[in-house]
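Novice: One structure is given below, represented as structure tokens, and several questions about it will come after.
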Protein chains: 2
Amino acid sequence: MIRTESLPTSEGVLAAAQSIAAILPPTPLLPIEIGAVRCHAKAESLQPIGAFKIRGAWWALSHVEGKDVVAVSSGNHAQGIAWAARKLGKRAVIVMPRDAPRVKLDNTRALGAEIVLYDRPGEDRDEVAARVIAQRGGTLVHAFGDTRVIEGQGSAGCEIAAQLGRSPSRIVTCCGGGGLAAGLALACPEAAIDIVEPEGWDMVGQAIARGEIVHAGADPPATICDALQPTATRPVNLQVLMNRAAPGVTVTDDEVRAAQLWAFAHLRLVLEPGGAAALAAALAGKVALDEGTVIMLTGGNADPDRFARMLAG
Amino acid sequence: MIRTESLPTSEGVLAAAQSIAAILPPTPLLPIEIGAVRCHAKAESLQPIGAFKIRGAWWALSHVEGKDVVAVSSGNHAQGIAWAARKLGKRAVIVMPRDAPRVKLDNTRALGAEIVLYDRPGEDRDEVAARVIAQRGGTLVHAFGDTRVIEGQGSAGCEIAAQLGRSPSRIVTCCGGGGLAAGLALACPEAAIDIVEPEGWDMVGQAIARGEIVHAGADPPATICDALQPTATRPVNLQVLMNRAAPGVTVTDDEVRAAQLWAFAHLRLVLEPGGAAALAAALAGKVALDEGTVIMLTGGNADPDRFARMLAG
């Protein structure tokens, strides 16, 4: 069963923010200094599942009537869905790539979800999910191309505005499929939205530039940002972002690693590669910063071995 | 110049908490689950200097009249003093051990303090500080045996009570010289205070058990907890803790490393060894836990190389 829905709205984001405030404390908005600019970082890596995805998963599952939900995820949406399903008494089946970080697979299982693995280069993840649904039923909750998911992710923007006491002037955010970016755009209509994607995976940036969905090529480059490898954005995301976000910037693996190390040393936070992408763009001077800028630190589910190698340089 | 002072009081802690609330946002009180028990962790590692020591340093320096301050510290009190001195327009000279983690030496310098190094096994740090003061003047702000420092550290307890909406039933805290433990005891008079020290460095626990100051032996064992190696507690700390804290428990290096890894994976926080000591005791089953328990995560200034080795096992 695929839900058909209306477009996400600012009112929907506000409603999501109220629902989420009742179950999750706000994540800290940390004062940071980059170069000579004092701005803020939103530590979504401190959510119970280590990523902002808990927001959209909660809001989406709050609207699912049946007991069974199915999701496709490289790991953070998976944990969000598993967490929300457990809390709402639902059963979750998650389609995950076999090469997902072990920590994400383990955490998703620990939250009680069933995992169906697929091979990232060979198999089409959406087809695997469709097969699961055909066999067992259940409602698909898309990781980013879903009205409720977008509204839920946007709740982070409402928290930011409340914590700052005003609208941020600019939000720098990593971008996979565009769920968080779209939600933030709706939550903070006065803020500029800067999207940051891994080099070679700028499907959302290209889509905004061209005004149409752009698909990843057959042989996209490797990236350490396992959470930011969408095959394409979705119409609902593009529609929200088209007139709200610039085509954005891309970051290299080295820039991402430098940002992980900076967050380790200066913020004492564990960030996974994708979770450090926005910070990477800021540290590399690729986005304009001012005192009203907020940088999204979106996830902290880092593989210990890979993190150790990053620290050792 | 050594200040002579009255004993720290609960009223003093409250006043410190008000002063600190005006300059620092509260650190997050994170819901955590250990075994089957849901309790909370206070993430003082997210302070701007990466440790709770910013509290006592701020409150103490707010009461120093002259321009020059001198401190002795393995690194976190150093950063706290340097941070507060810069904010208050004072000059800080910090006596630090040559084997302090590089990150702590670098951060202290970056905050504008002057550092005087000493050799941890051979030289008496207090004598080095006395020499600095004899030569140049300045007010010594002791890292733990100081009324204002104790009151300042206690402000963390006021934040905890406000965040919980009630007094915690129990606070599990690492313990070096006993500044934080004494402050928390004054801040939360209804809470049990469990102190956790590194094996072989339980000078405060022994002092509580015997009712008198106990000095470290000539050849104390090695510990990875560089922040928790006091040569002895001070009368002011012992006086507060005598009737408020049990003799406490000790933790091994392996237990501390396990706690650092747990915080990495489950809380996405970087904790330095000493900052993970209380969590180590909780994970090792060495302290009783209930729903009102708060575990102090006191510092996150971890050396990247040592942290990488810990992650790699």
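Novice: Please compute, for the alpha-carbon atoms of chain A, the extent along each of the three principal axes and give them in descending order in Å.
Specialist: Here the spans come out as 57, 43, 38 Å, largest first.
Novice: Considering segment A:54-140, what Rg and Dmax in Å follow from its alpha-carbon atoms?
Specialist: 11.8, 34
Novice: Treating the point 7 Å from Cα along Cα-beta-carbon as the label, what are the nm separations from residue B:131 to the other copies, to one decimal?
Specialist: Copy-to-copy label distances for residue B:131: 7.4 nm.
Novice: If the cut-off is a Cα-Cα distance under 12 Å, which aspartates and glutamates reach residue B:104, setting aside same-chain residues fewer than 8 apart in sequence?
Specialist: B:226, B:272, B:303
Novice: Note the distances from residue B:66 to each other copy's matching label point, with points 7 Å along the Cα-to-beta-carbon direction, in nm, sorted shortest first.
Specialist: 7.7
Novice: Return the chain B residue and its Cβ-to-axis distance, rounded to the nearest Å, for the rotation relating B to A.
Specialist: Whole-Å result, nearest residue of chain B to the axis: B:308, 2.
Novice: Taking N as the number of residues in segment B:208-262, what is its alpha-carbon radius of gyration divided by 2.2 N^0.38 Å? Don't skip to the answer; put the middle values down first.
Specialist: Details: Rg = 13.4 Å, N = 55, 2.2 N^0.38 = 10.1 Å.
Ratio of Rg to 2.2 N^0.38 Å for segment B:208-262: 1.33.
Novice: Give the longest segment of chain A that steers clear of trypsin sites (Lys or Arg not before Pro) in DSSP loops with at most 15 neighbouring Cβ atoms within 10 Å, not counting the sites themselves.
Specialist: A:167-313
Novice: Here's a follow-up. Collect residues whose amide H, placed 1.01 Å from N in the peptide plane, falls under 5 Å from the amide H of residue A:269; neighbours closer than 5 in sequence don't count.
Specialist: A:264, B:270
Novice: Same structure again: For segment B:28-69, state which GluC sites (Glu not before Pro) are in a DSSP loop and have at most 10 other beta carbons lying within 10 Å of their beta carbon. If you can, show how the numbers build up before the last one.
Specialist: Details: sites: B:33, B:44, B:65; in loops: B:65.
Filter output for segment B:28-69: B:65.
Novice: Using only the heavy atoms of the protein chains and a 1.4 Å probe, how would A:106, A:99, B:303 rank by accessible area, largest first?
Specialist: Correct descending sequence by accessible area is A:99, A:106, B:303.
Novice: Something else: Sorted from largest down, what three extents in whole angstroms do the Cα atoms of segment B:107-230 have along their principal axes?
Specialist: 48, 34, 26
Novice: Round to a whole number: what % of the accessible area of chain A belongs to carbon and sulfur, probe 1.4 Å?
Specialist: On the way: 5930 of 11700 Å².
On chain A, the fraction of accessible area on carbon and sulfur atoms equals 51 percent.
Novice: Restricting attention to segment B:182-288, which GluC sites (Glu not before Pro) occupy a DSSP loop and are surrounded by at most 13 other Cβ atoms within 10 Å? Walk me through the intermediate numbers first.
Specialist: Working: sites: B:190, B:199, B:212, B:255; in loops: B:190, B:199, B:212.
Qualifying residues, ordered by number: B:190, B:212.
Novice: For chain A, what does -39500 (n - 2.57) per DSSP helix run (n ≥ 4), summed and divided by total residues, give at 222 nm, in deg cm²/dmol to the nearest 500?
Specialist: -11500 deg cm²/dmol
Novice: If you build the convex hull over the alpha carbons only and average its shadow over all orientations, what do you get for the protein assembly as shown? Give it in nm² to one decimal. Could the numbers behind the result be given before it?
Specialist: On the way: hull surface 104.3 nm².
Spelled out: convex hull of the Cα atoms, projected over all directions, averaged, 26.1 nm².
Novice: Kindly give the distances from residue A:219 to its copy-mates, label point to label point, with each label point 7 Å from Cα along Cα→Cβ, as nm values to one decimal ordered shortest first.
Specialist: 6.5
Novice: Next question, about the same structure. Enter the Cα centre distance for the pair segment A:1-74 and segment B:175-206, rounded to the nearest angstrom.
Specialist: 38
The values are calculated or read from the model by the stated rules, or taken from the named source; none is laboratory data. All of these numbers come straight from a predicted model, not from anything done at the bench. Positions of Cβ are backbone-derived with ideal geometry, glycine not excepted, and every protein chain shown enters the neighbour counts. All accessible areas refer to the heavy atoms of the entire protein, side chains included, with ligands and DNA or RNA removed. Shrake-Rupley method; radii C 1.70, N 1.55, O 1.52, S 1.80 Å.
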